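Below: one structure, written as structure tokens.
The values are calculated or read from the model by the stated rules, or taken from the named source; none is laboratory data. Just so it is clear, the model here is predicted, and its values are computed rather than measured. No Cβ is skipped: glycine too gets one built from the backbone with ideal geometry, and neighbour counts run over all protein chains shown. With ligands, DNA and RNA removed, areas are computed over all heavy atoms of the protein, side chains included. Shrake-Rupley method; radii C 1.70, N 1.55, O 1.52, S 1.80 Å.
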Amino acid sequence: MKYTKILFAAIMSMAALGFTGCSDDDIDYDKSVIVTPNAPENDLDRWITRNITSPYNIQIQYRLEDIEGDMNYYLVPADFQGSVMMSHLLKYLCLETYNEAAGTDFTCRYFPKLFCYCGDWKYKNNGTIVLATAEGGRKIYLCGLNYLPGSIDNISTLNSRYFKTIHHEFTHILNQTYPIPADYQLITGSGYVADLWSESPYNVGFLTRGFISSYSQHSYTEDFAEMMSIYITNSASYWESQMEEAGDGASAIQQKLDIVRDYMKTNFNIDIDELRNILQRRQSDIANGAINLTNLTLK
């Protein structure tokens, strides 16, 4: 009983101190207690506003914001240099490529409105990595920016790490506007294996089974996006070499390509062969150093 009285007295004393402390504070009920620091505007912010946000209504978040990320992965901020280069590359290899092929109205209407940069890849438990994700038809979360400066002169690496993925994710966004034709999934319908695509025996010999990449075997939606993105980011000679290697599988791949070609022409009036030629020319400009990827001077 004595212990109980002492404990009760102690609790009441602490409570009294707490009430006293609170009574000394001036609470402004019109002002949030949660304060988010705003970084001062810099040259990259101004360049993005002038060249991307104002003309296309596209926001780029290169400063890491947890609310836009996936908390199932460790997130690493993107370096400033990689963010500058990627912003230039997005403008030259994506926005202006689609402008040239389909007009600025198409780009402004359909291209995702938010790009979030992350410094490292998202690593999965099965040994694969996530290069980018598309969400809700409006956002692309782009990973691995801290590796970009070291691969800037290698178009094959730029495509495999970044731009094939961007065009792949953009294709998913287009598919949310106009669905993939039902006939597409019937061509190699029994060959889709979901998450087993990266495991043996599916990680080899996929061309002979009628798939343009190992990941194409995940599902018909991923297959469609892979067909589109791989076709336009690679040269005609590369595509022919893949068809030769595919052997009997080339017929299925060609059927899929015909559907992709008709889909883009019918729904968006885009000739994917013309789009590929434009992109190949622009990629050569990057490889040859013809485009300054670090200049933040406003024109």
HN-Hα couplings for the stretch 90-107 via Karplus (6.51, -1.76, 1.60; θ = phi - 60°), in whole Hz with x for Gly/Pro, come out as 4, 5, 7, 8, 10, 4, 6, 5, 5, 4, 5, 8, 10, x, 5, 4, 4, 4
Show me, for the stretch 44-59, the HN-Hα J-couplings you get by feeding each phi into the Karplus relation (A = 6.51, B = -1.76, C = 1.60, θ = phi - 60°), rounded to Hz, glycine and proline as x. 5, 4, 5, 5, 4, 4, 5, 9, 10, 5, 5, x, 10, 6, 10, 9
Segment Thr104-Leu186, length gained on full extension (0.36 nm per residue, minus Cα span): 26.1 nm
What is the local net charge at Thr53, summed over the other residues whose Cβ is closer than 15 Å to its Cβ (Lys, Arg +1; Asp, Glu -1)? +4
With a/c under 1.5 counting as rounded, go ahead and sort the stretch 229-299 into rounded, prolate or oblate using the C-alpha gyration tensor (a ≥ b ≥ c being the square roots of the eigenvalues; past the cut-off, prolate if a/b is larger than b/c, else oblate). oblate
Mind running the shape call on the stretch 149-209? Use the C-alpha gyration tensor, a ≥ b ≥ c as the square roots of the eigenvalues: rounded below 1.5 for a/c, prolate if a/b tops b/c, oblate otherwise. oblate
Inter-site label distance for Glu240 and Asn277 at 7 Å from Cα along Cβ, in nm: 1.6
Could you give each residue of the stretch 141-151 its phi-based ³J(HN,Hα) in whole Hz, using Karplus coefficients 6.51, -1.76, 1.60 with θ = phi - 60°, and x for Gly or Pro? 9, 9, 9, x, 4, 6, 9, 5, x, x, 10
Starting from the amide H of Leu64, placed 1.01 Å from N in the peptide plane, find each other amide H under 5 Å away whose residue is 5 or more places distant or on another chain. Ala78
Find the accessible area per residue for the stretch 127-283; the probe is 1.4 Å, ligands and nucleic acids are left out, and the unit is Å². 42
Once you place label points 7 Å from the Cα toward the Cβ at Gln254 and Thr221, how far apart are they in nm? 3.0
